[in-house]
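Nothing in this text is a laboratory measurement; each read-out follows from the coordinates by a stated rule. If you're wondering where the values come from, they're calculated on a predicted model, not measured in any experiment. Cβ placement follows ideal geometry from the backbone for every residue including glycine, while neighbour counts extend to all protein chains displayed.
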Amino acid sequence: MTLSRAWLQELLLIVLVYTWAVIIAFFSQTLGVNLVIASLLYFFWHVQQMLGFHLWLDNPERYRPPFAFGVWRAAIDGANNLRRNERQRERRLEQMLDSFEESTNALPDAILVINDKGQVEWLNRPTTRLLGLHRTTGQLVDIAAVFNSSRFNDYLESGDYRQPIKLTSPINKQLLLEVRLVPYGSGKRLLQIRDISRLEQLETIRQDFVANVSHEMRTPLTVIRGYLETMAEDPDLKESAWNSIIEQLNRQTSRLQHIVEDLLLLSRLENDDVRREPEKVSVQPLLESIVAEAQALSGDSQHQISLDLDSSINLLGQSDELRSLFSNLVFNAVNYTPARGRIEVLWYADRDGPIFSVTDTGIGIEKQHIPRLTERFYRVDESRSRKSGGTGLGLAIVKHVLSRHGGKLTIHSRFGEGSTFSCHFPLSRMLENGATAQQPAGQV
Ligand code: ADP
């Protein structure tokens with residue numbers, strides 16, 4: 001109701017009450033008394049409205065607003081509007097708070113609000129995982145006590161927060177955290193904590209990798225350089241010496257070439273995210289040609305290499321990558337099996353999918369080495385691997401090719417008795433007698 005309308009009604013009420021008093025006085029001749037009664041009635045009406053209004057304002061759930069008109073109607077309408085606006089504001093605020101909570105909880109980083117006394121006022125859910133802190137309504141926690149580290153205390157008190165610091169998590173020493181303070185408001189600070197364990201691990205792997213590559217390349221380069229110096233110092237070398245030098249230069253350059261080729265292949269496998277469209281790979285001719293190459297590699301060692309395959313099973317994948325995978329495993333079996341040893345190559349399928357396996361009666365591998373064999377440049381016996389022309393990258397390539405084909409590698413080995421390397425491919429990669437795979441090719 002508008003204010004002018006309310007006052008108009010109020011005026012009407014006054015006019016009605018006093019007109020009534022005057023009309024009665026016209027018959028009873030008691031104008032003074034009537035006016036007093038009318039005023040009292042008007043006064044009590046207002047007291048009653050005031051009481052009803054007060055009770056309703058105080059406890060709107062229990063009391064209904066009084067029946068009113070005039071200024072009291074306007075007051076009740078006004079209070080109602082204020083209440084409605086307040087409720088809408090509260091609802092909007094709650095929604096904003098909910099979505100703020102939701103988004104900060106979805107962050108991978110822990111976020112904490114620290115007050116000017118260094119106490120935690122607010123925190124998001126990831127804080128529990130990184131610091132072991134839970135949200136409580138009780139006493140505020142001292143952030144310095146949570147870290148219990150002099151480095152963190154120095155950082156907190158320094159006031160210079162331009163650079164973050166690295167600390168281990170107080171609840172898990174394996175977790176490396178990047179801790180950054182951001183000052184805001186009056187004396188408040190936002191504490192942002194990131195889990196950088198994985199990044200740090202990748203950095204270590206990168207550094208190890210560079211060191212390993214340099215080490216691998218240095219050996220053949222040193223040998224090549226040595227022979228070149230001999231040639232430069234003594235140009236009148238005998239023919240027999242020339243032959244041995246050329247053979248050595250050949251061996252070392254082909255070693256370098258193998259390392260570079262394997263590195264390039266690995267880097268392509270690791271970085272080539274845009275997967276090529278898988279194609280039908282005929283496994284039988286591929287394995288037959290690899291086994292023939294293995295026989296040639298064996299040479300005078302005369303390994304007994306057998307191939308037992310189910311020719312009806314083919315694969316959906318990349319033939320060049322699969323050739324690398326299969327040949328690495330078969331050639332390893334030749335390289336790590338003494339002369340005349342047996343090597344069995346199998347290609348078959350069980351209910352989970354196709355399996356490629358190579359079993360040898362070779363030197364075998366001690367248990368503790370098995371989990372690390374697929375690491376780049378990991379070798380059980382360095383000199384043996386080098387002698388056989390190994391780059392230490394073969395099984396890393398195998399692992400990558402398999403993961404790109406959705407498969408997994410299992411290794412069983414007994415030291416001194418032999419090993420079995422098996423590649424398990426998913427059913428979705430199997431092509432049987434020209435049938436199509438069970439899943440669309442692109443989904444792998
Ligand atoms: P390499 O080029 O040295 O053969 P790989 O990555 O292919 O590198 O293999 C890693 C290591 O695993 C080898 O150095 C060797 O010690 C061990 N290994 C691989 N295959 C066999 C096997 N069939 N029998 C015994 N040891 C093996």
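Quick notes on this one:
- Between the C-alpha center of the range 139-162 and that of the range 261-301 there is a gap of 55 Å.
- Nearest-20 debye value, the chain charge dipole, Cβ charges on Lys, Arg, Asp, Glu: 1820
- Gyration tensor verdict on the range 114-203 (Cα atoms; rounded if a/c is under 1.5, prolate if a/b is larger than b/c, oblate otherwise): oblate
- The protection proxy used here, the mean number of other Cβ atoms lying within 10 Å of each residue, ranks peptides 192-200, 356-364, 393-401, 422-430 as follows, highest first: 393-401, 356-364, 422-430, 192-200.
- Centre separation in Å (Cα based) which lies between the range 348-405 and the range 210-246: 31
- Solvent-free Debye calculation, one equal scatterer per alpha-carbon of the chain: log10 I(q)/I(0) at 0.07, 0.09, 0.13 Å⁻¹ equals -0.67, -0.87, -1.14.
- Distance between the pseudo-spin-label points of MET96 and VAL33 (7 Å out from Cα toward the beta carbon): 6.5 nm.
- Counted residue by residue at 0.36 nm each, then reduced by the alpha carbon distance between them, the extension gain from ARG83 to LEU309 reaches 73.2 nm.
- FRET efficiency, VAL15 to ASP116 (Cβ-Cβ, R0 51 Å, nearest 0.05): 0.20
- Cross-link pairs LYS280/LYS387; LYS166/LYS399; LYS280/LYS399 - those with Cα-Cα distance over 29 Å: LYS280/LYS387; LYS166/LYS399
- For the range 301-444, with +1 on Lys and Arg beta carbons and -1 on Asp and Glu, the positive-most of HIS405, GLY394, THR361 along the dipole: GLY394
- Prolate/oblate/rounded label for the range 192-282 (Cα gyration tensor, a/c 1.5): oblate
- Cβ-Cβ distance of LEU57 and GLN201, R₀ of 41 Å, FRET efficiency by 1/(1 + (r/R0)^6): the value works out to about 0.05.
- Residue-span extension gain [SER254 to VAL223] - 0.36 nm each, minus C-alpha spacing: 9.9 nm
- Each label point was placed 7 Å from the Cα along the Cα-to-Cβ direction; for PHE44 and THR137 their separation is 4.8 nm.
- For the range 1-83, the residue among GLN29, LEU12, LEU57 whose Cα projects farthest onto the positive side of the dipole built from Cβ charges is LEU57.
- Inter-label distance, GLU288 to PHE69: 10.8 nm, where each label sits 7 Å from its Cα along the C-beta direction.
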